[in-house]
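Peer 1: Questions regarding the structure given below will be posed in turn.
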Amino acid sequence: MVDWVEIDFGRAYSIDADTFAVERVKKRASINSIILRKTNTISKRGMSDSNTSFGIVSEKGLVRINKRIASEILSNRAMDYIQRTGQWPPHMSLKRVLISGDVELNFAPMQHDIFALRLSAEMVDGDPFEFLIGLNQYEGQEEVS
């Protein structure tokens with residue numbers, strides 16, 4: 001099985017599927033990682049705007065996805081990470097408890113990129129808030145390399 005796929009973008013970052021580590025893409029990215037590709041555009045006023053597009057790395061290359069799909073994938077991966085480690089994933093915090101009882105988390109891998117991740121009662125097999133408050137805080141390094 002292929003572990004890496006070549007990706008050649010000027011400025012892109014990957015979010016690792018297993019560790020939630022964020023790294024600058026340097027010509028290749030690991031399978032199943034989420035890619036945030038950054039592009040700059042110049043407005044009519046001469047102002048520079050940064051745009052982000054999203055993708056997921058498959059064995060055949062990069063598959064473009066939208067932010068909503070990226071958030072759904074990251075929600076499921078957050079649950080996998082939590083169940084495996086017993087701690088909060090890096091770059092993640094509680095945003096709010098919804099009326100439905102679901103919990104919304106902020107996942108902020110970089111300053112201007114924030115994802116709203118949703119954890120439901122079905123995902124945690126119980127009350128999501130109670131589930132989350134029992135977790136240990138993330139203890140690793142959170143710097144983007």
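The values are calculated or read from the model by the stated rules, or taken from the named source; none is laboratory data. The structure presented is a predicted model; accordingly, all values stated were derived computationally and were not measured. Here Cβ is always computed from backbone atoms with ideal geometry, including for glycine, and neighbour counts include all displayed protein chains. Ligands, DNA and RNA are stripped out before the accessible areas are found, and what is left, the full protein with its side chains, is counted by its heavy atoms. Shrake-Rupley method; radii C 1.70, N 1.55, O 1.52, S 1.80 Å.
Peer 1: Sequence-distant or interchain residues sharing an amide H contact under 5 Å with Tyr138, placed H: which?
Peer 2: Amide H to amide H, under 5 Å and 5 or more residues apart or across chains, Tyr138 pairs with Trp88.
Peer 1: Same structure again: If I take every Cα pair under 8 Å that is 6 or more residues apart in the stretch 71-138, average their sequence separation and divide by the length, what percent do I get for the relative contact order?
Peer 2: Once divided by the residue count of the stretch 71-138, the mean separation gives 32 percent.
Peer 1: So what are the ³J(HN,Hα) numbers for the stretch 73-78, from phi and the Karplus equation (6.51, -1.76, 1.60; θ = phi - 60°), rounded to whole Hz, Gly and Pro as x?
Peer 2: Computed from phi, the couplings for the stretch 73-78 are 4, 5, 4, 5, 5, 4 Hz.
Peer 1: Compute for the stretch 80-138: radius of gyration divided by Kirkwood radius, i.e. Rg/Rh, restricted to C-alpha atoms, rounded to two decimals.
Peer 2: Rg/Rh: 0.95.
Peer 1: Next up: Please report the accessible area of Lys95 (heavy atoms, 1.4 Å probe, ligands and nucleic acids excluded) in Å², nearest 10.
Peer 2: Looks like 100 Å² after rounding.
Peer 1: Once you keep just the Cα pairs under 8 angstrom separated by 6 or more residues, what percentage relative contact order results for the stretch 1-46?
Peer 2: Once divided by the residue count of the stretch 1-46, the mean separation gives 41 percent.
Peer 1: Can you work out the FRET efficiency for the pair Thr41 and Arg68, with r the C-beta to C-beta distance and R0 = 30 Å, to the nearest 0.05?
Peer 2: According to the calculation, E is roughly 0.85.
Peer 1: Just add up the charged neighbours of Glu59: K/R +1, D/E -1, any other residue whose Cβ is under 15 Å from the Cβ of Glu59.
Peer 2: 0
Peer 1: With springs only between Cα atoms under 10 Å, which of Ser100, Ser120, Ser53 fluctuates most in a Gaussian network model of the chain?
Peer 2: Comparing Ser100, Ser120, Ser53 in the GNM, the peak value goes to Ser100.
Peer 1: So if we plug the beta-carbon distance of Ile114 and Gln137 into 1/(1 + (r/R0)^6) with R0 = 30 Å, what FRET efficiency do we get, rounded to 0.05?
Peer 2: 0.95
Peer 1: Which value, in Å to one decimal place, does the Kirkwood hydrodynamic radius take for the chain when every pair of different Cα atoms is included?
Peer 2: Computed over Cα pairs of the chain, the Kirkwood hydrodynamic radius comes out at 16.2 Å.
Peer 1: Tell me, what HN-Hα J-couplings in whole Hz come from the Karplus equation 6.51 cos²θ - 1.76 cosθ + 1.60 at θ = phi - 60° for each residue of the stretch 15-26, using x for Gly and Pro?
Peer 2: 10, 5, 5, 9, 10, 6, 5, 10, 9, 5, 6, 10
Peer 1: Taking the C-alpha atoms of the stretch 22-64, how large are the radius of gyration and the largest Cα-Cα span, Dmax, in Å?
Peer 2: Cα only, the stretch 22-64: 13.2, 41 Å (Rg, Dmax).
Peer 1: Given R₀ = 22 Å, what would the calculated FRET efficiency be for Ser50 paired with Ser93, taking r from the Cβ atoms and rounding to 0.05?
Peer 2: The computed FRET efficiency comes out at 0.45.
Peer 1: Return the lysines within reach of Lys60: Cα separation strictly under 28 angstrom, same-chain partners fewer than 8 residues apart disregarded; answer none if there are no such residues.
Peer 2: Partners within reach: Lys26, Lys27, Lys38.
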